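No lab work stands behind these numbers, since they all come straight from the coordinates. The structure presented is a predicted model; accordingly, all values stated were derived computationally and were not measured. Neighbour counts run over all protein chains shown; Cβ positions are idealised from the backbone, glycine included.
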């Protein structure tokens, strides 16, 4: 019987995108420095990599599910060109007050609810208690806490989107949004994870 594996859950903006605007089209993809290398290093260390995000643009009619699927396909293809990959991608298209009735609901998958993480755990046999969240928003950290993840790291403090902390980057002192650490970008977050891998897997 296959044992459950730990995963790194990743928020999209600031973690994957350089936050120069909302990511809606494949041509808007812009990778932060070192992002692909960071993903390769995490996979080599044995972590599953799962992307989770809210996509309220679908509920607002700004783009449709097919356009979002095309964007994800482009993202995965671009990662492959850089020698990196994800194990799966999950998104929430809902809004409680969505103008489009098809997506109007109070769901269990919209971050900070933990529904996307729990769905991924069922699909991929993930050990949530041994897993991590790397996210750019307080809601990502809250979702990780609600799902029972071992460690939650706020990423993107240098973009102004994440909440900066008072402590040294990567150290759980004075960190924002209840995170265990603040890191400027995905590369720094991956370095933090790999440095603490023994403790995190314990």
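Please rank 69, 140, 78, fewest neighbouring Cβ atoms within 10 Å first, as an exposure proxy.
Lowest count first: 69, 78, 140.
So what is log10(I(q)/I(0)) for the stretch 92-142 at q = 0.32 1/Å, when the Debye sum runs over its Cα atoms only?
So the normalised log intensities are -1.18.
Provide the convex hull volume over Cα atoms per residue for the stretch 13-129, in Å³.
Convex hull volume per residue, Cα atoms: 114 Å³.
Compute the distance from the alpha-carbon center of the stretch 94-109 to that of the stretch 118-152, in whole Å.
Computed from Cα coordinates, the inter-centre distance equals 22 Å.
By how many nm would the segment from residue 122 to residue 33 grow when fully extended, if each residue of separation counts as 0.36 nm and the alpha-carbon distance is taken off?
Working: separation 89, 0.36 × 89 = 32.04 nm, distance 3.23 nm.
28.8 nm is the gain from fully extending residue 122 to residue 33.
Ranked by Cβ crowding within 10 angstrom, fewest neighbours first, how are 91, 196 ordered?
196, 91
Which order do 110, 44, 118 fall in if you start with the one that has the fewest other Cβ atoms within 10 Å? Spell out each step's value before the answer.
Details: 110 22, 44 9, 118 18.
Ordered by Cβ neighbours within 10 Å, fewest first: 44, 118, 110.
State whether the stretch 71-119 is rounded, prolate or oblate according to the following rule on the C-alpha gyration tensor (a ≥ b ≥ c being the square roots of its eigenvalues): a/c under 1.5 gives rounded; otherwise a/b larger than b/c gives prolate, and the remaining case gives oblate. Walk me through the numbers on the way to the answer.
Values: a/c = 4.62, a/b = 2.01, b/c = 2.30.
The shape class here is oblate.
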